[in-house]
Amino acid sequence: MGDAASLRQALHRALYVTEEGLATVLWLAQNLHRPLLVEGDAGVGKTALATALAEATHSPLIRLQCFEGLDLAQAAYEWNYSRQILAIRRAETSNASNAANTTNAAASMADADLFSPEYLLARPLLRALQSDRPAVLLIDEIDRADEAFEAYLLEILADYQMTVPELGTITARHPPQVILTSNGTRELSDALRRRCLYHYLDYPDLGREIAIIKTRLPDAATQLVEQAVQFVQRLRREDLDKTPGIAETLDWIRALHNLGHRHFPDDVAKITDTLCCLLKTREDFFQLSTERLQHLAEGRKTVGVAEKHGT
Amino acid sequence: MAPDRPPLPPAPDVTTHLVGFAGFLREHGLKIGPAEQVAMTEAALILGNNLDPSLARNAAHLSAKYSAAWRAIACHSPREWRQWPDVFNRYWLPHKTRGSVRVSGQTRPARSLPDVVADLHKNLAETAHHPQPPARSQPHIGTALDAAPGHDQTDPGDESGRPRHQGGASRGEASTDALHDRELSQWSPEDLQHLTRLADQIAARLRRHVLRRWHPQPQGSILDLRHTLRASIATGGVPVIPHWRKRRRDLPRLFILVDVSRSMENYAQLFLRIARAFVQALPARVFVFHTRLTEITPLLQRDSASVQEKINAVTAGFGGGTRIASSVDDFARLARPQLNRSSQIWIFSDGFDADAPENLSLSLAGLKHRGGRVTWFHPTVGVPQSDAITQANCAQKIDRFIRLATLKDLTQAAKLLD
């Protein structure tokens, strides 16, 4: 990619509307061959960033979803034991006719062939290193993985290489562009943070969110999109358990669009019916009474004596 | 104050100023080592080589480009991320930075005339060496500074013996002790971060309980035969991969009861902050009580100003008496299904109880009967001497007493809690 501006345009073509700063950081990460750690609340578009980057740069996307208990066999590589045993049995059978040489054949089988790349099952991390062209490696929700796994990642992130004891060190043919995402549920180690470029992805401002929705839902009426996004922006200022992200906004406006709304519904009941797209906990539903929804829809901030009704 | 420099040098000259900028960032608490400095230089060179010549002298364009790139390298946390624009502008665009006064640290709360008069009387009494003995049923409430080892009459504070205003652009190691001894009203965001870390450490210690009477085996792990055989199906019945038994660890069930009555007015906020730190580190349940008991766990699980308002509203019982025994009874009834031998019950109170003194022993006996371990955190210098506490202590219904009035006390308490 030529420069940050062209990368930004490519991301836009991949339906990811980004600000100039993030495009610069992504472009820099590519040029410096540094991983990028993206932190932010759930639903702000961290995972979508990696998907869009892969699409924009025409690179394969390799995704590693982290969870508690994730180990090397699931993340990096695993020996194909079944095939190894089959190979041993096959060697034994073929040597049965030639009994005199059985011991020597089995020994030569074990030494030469059993721990070759042929019997290695590549998992996402190894696949990213072995890729024929630069890949985008998404390590999603790294904060859910154990600290031991985080430590294991350091070698890969720093040198783009992995050590398999039986084979030696495997170095990347083309260093992948690594994107790590974190929701901040656990504090990541300083060692990991300092190996990565860092970007905190916040909720988009009004203009950018409208642009995102218009990009994703070009058929939706502009008036509906603008008013609904304004409503969501106001809703985010409420003290909610789960603040709605861009994905929720998108779902909600898609729902309103599919229900045939050309503009924001005046009737609060119609908003309430579709709020399940935005609110995800019982407490949040309880907190947003019909009256409060009405205030949010009208853009009023406060309730009470301080509120002025056209005076 | 930023030193004299060109507002924003052209691309090739930026690198020559980076050393000073890196130092400036370090002064503002960002972790900038040699690796970050090299990366920032590389970024500047790459960006400089790729700049549109027509924009190379455009300060706003340069500023946005370099700021975005260096921010990604220099910042490692959301806090630093939010801090960046201010620091960047102060260094590179001082002409755009409007003069402002920022107070880091907390000013001492203003005192009213009655407080001044009361202090005067107190000082006179101390001068005359006639300290007033505390009432038997109302324990002496020591301040956070009472137990501070380095705090004596020669402390270079003001006439009331309190340390002067804390603050400044940066605090060195020398001020750490004073910071830890500071009262809640003078806590800064750094103190709160330290509290959170401390709560995590204590939570980690509490997690060390291993179930099923397992003890560490110096020889190694125990083979999980069933799991190994099951896994061997994938390899044609040959047990290639051994599976080892993992110790099951059980989180302790932590219950925190915070006294928010008038006698605890000075400490309730500290205790609630500590409780909040533990709720976020452990699956703990928190109750507040004065004359009645209320659970506030859901409010503590979130951290926002409006939630703090709700907590303040819930704890608005200041002014009433304290009915500890009745509140403990209510708690036992509410938490009965969860109480077992792994339960830890922490009561944050000065022990002043309006119920009959013998009731507290009976109430605590109910908790002990369920296997709970009762720890009494008190802000007073010594163990509370109220009748209710004395009787409960004699009856061995309270497992331990721990003083807790400052962060330092909590640090010391961390060694005792298990």
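The values are calculated or read from the model by the stated rules, or taken from the named source; none is laboratory data. Because the structure is predicted, anything quoted here is derived from the model rather than measured. Because the Cβ atoms are built from the backbone with ideal geometry, glycine has one as well, and the counts that use them run over all protein chains shown. In case anyone asks, the SASA skips ligands and DNA or RNA and just uses the protein heavy atoms, side chains included. Shrake-Rupley method; radii C 1.70, N 1.55, O 1.52, S 1.80 Å.
May I ask you to verify whether residue A:30 is in contact with a strand residue (DSSP E or B) (Cβ under 8 Å, 6 or more places away or on another chain) and open to solvent by 60 Å² or more (accessible area, probe 1.4 Å)?
Working: in contact with a strand residue (DSSP E or B) (Cβ under 8 Å, 6 or more places away or on another chain): yes; open to solvent by 60 Å² or more (accessible area, probe 1.4 Å): no.
No; evaluated as a whole, the condition is false for this residue.
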- Among the helices (runs of 4 or more DSSP H) lying completely within segment A:180-290, list those that include at least 1 residues that are over 30 Å from residue B:201 (Cα atoms). A:206-216, A:222-236, A:246-258, A:268-274, A:282-287
- Message: Among the residues of segment B:17-41, what is the count of those that are acidic (Asp, Glu) and either without any contact (Cβ under 8 Å) to a residue 12 or more places away in the chain or over 21 Å from residue B:65 (Cβ atoms) (or both)?
- Response: 1
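One line per residue, one yes/no per condition, for (1) free of Cβ contacts under 8 Å to residues at least 24 places away in the same chain; (2) open to solvent by less than 10 Å² (accessible area, probe 1.4 Å); (3) assigned to a strand (DSSP E or B); (4) closer than 24 Å to residue B:296 by Cβ:
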{"residue": "B:329", "(1), (2), (3), (4)": "no, no, no, yes"}
{"residue": "B:345", "(1), (2), (3), (4)": "no, yes, yes, yes"}
{"residue": "B:355", "(1), (2), (3), (4)": "no, no, no, yes"}
{"residue": "B:358", "(1), (2), (3), (4)": "no, no, no, no"}
{"residue": "B:363", "(1), (2), (3), (4)": "no, yes, no, yes"}
{"residue": "B:367", "(1), (2), (3), (4)": "no, yes, no, yes"}
{"residue": "B:371", "(1), (2), (3), (4)": "no, no, no, no"}
{"residue": "B:391", "(1), (2), (3), (4)": "no, no, no, no"}
- Within segment B:17-36, track down each residue that is open to solvent by less than 70 Å² (accessible area, probe 1.4 Å), part of a loop (DSSP other than H, G, I, E, B), closer than 11 Å to residue B:80 by Cα and within 14 Å of chain A (Cβ to nearest Cβ). B:29, B:30
- Message: For segment A:178-211, give me each residue that is surrounded by 22 or more Cβ atoms within 10 Å (Cβ to Cβ) and out of contact with any helix residue (DSSP H, G or I) (no Cβ under 6 Å at 6 or more places or on another chain).
- Response: A:178, A:196, A:204
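Determine, yes or no, whether residue A:49 is outside the structural domain of residue A:279 (by TED's automatic domain parsing), out of contact with any helix residue (DSSP H, G or I) (no Cβ under 6 Å at 6 or more places or on another chain) and modelled with pLDDT of 90 or more.
Judged against the criteria, residue A:49 is a match.
Residues A:63, A:90, A:13: which one is surrounded by fewer than 18 Cβ atoms within 10 Å (Cβ to Cβ), modelled with pLDDT under 90 and not assigned by TED's automatic domain parsing to the domain that holds residue A:278?
On the way: A:63 fails: modelled with pLDDT under 90; A:13 fails: modelled with pLDDT under 90.
Step by step, each of A:63, A:90, A:13 is checked, and only A:90 is surrounded by fewer than 18 Cβ atoms within 10 Å (Cβ to Cβ), modelled with pLDDT under 90 and not assigned by TED's automatic domain parsing to the domain that holds residue A:278.
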- Just one of (1) more than 30 Å from residue B:302 (Cβ to Cβ); (2) touching a strand residue (DSSP E or B) at 6+ places or on another chain (Cβ under 6 Å) trips up residue B:233, so point out which. (2)
- Residues of segment B:289-333 satisfying the condition of being modelled with pLDDT of 75 or more, more than 21 Å from residue B:379 (Cα to Cα) and in contact with a strand residue (DSSP E or B) (Cβ under 7 Å, 6 or more places away or on another chain): B:294, B:295, B:296, B:297, B:300, B:330, B:331
- Message: Condition first: among the hydroxyl-bearing types (Ser, Thr, Tyr) and in contact (Cβ under 8 Å) with a residue 12 or more places away in the chain. Now tell me which residues in segment A:176-223 satisfy that.
- Response: A:181, A:182, A:185, A:189, A:198, A:200, A:203, A:215
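Quick one: which residue in A:172, A:158, A:151 is touching a residue at least 24 places away in the same chain (Cβ under 8 Å), crowded, with 17+ Cβ neighbours inside 10 Å and either among the β-branched types (Val, Ile, Thr) or not assigned by TED's automatic domain parsing to the domain that holds residue A:95 (or both)?
Details: A:158 fails: crowded, with 17+ Cβ neighbours inside 10 Å; A:151 fails: crowded, with 17+ Cβ neighbours inside 10 Å.
Exactly one of A:172, A:158, A:151 is touching a residue at least 24 places away in the same chain (Cβ under 8 Å), crowded, with 17+ Cβ neighbours inside 10 Å and either among the β-branched types (Val, Ile, Thr) or not assigned by TED's automatic domain parsing to the domain that holds residue A:95 (or both), namely A:172.
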- Every residue from segment B:70-93 that is open to solvent by less than 10 Å² (accessible area, probe 1.4 Å), in a helix (DSSP H, G or I) and either of a type in the set (D, E, K, R) or facing chain A (nearest Cβ under 7 Å) (or both): B:72, B:73, B:80
- What is the residue count in segment A:139-148 for residues that are open to solvent by 30 Å² or more (accessible area, probe 1.4 Å) and part of a helix (DSSP H, G or I)? 3
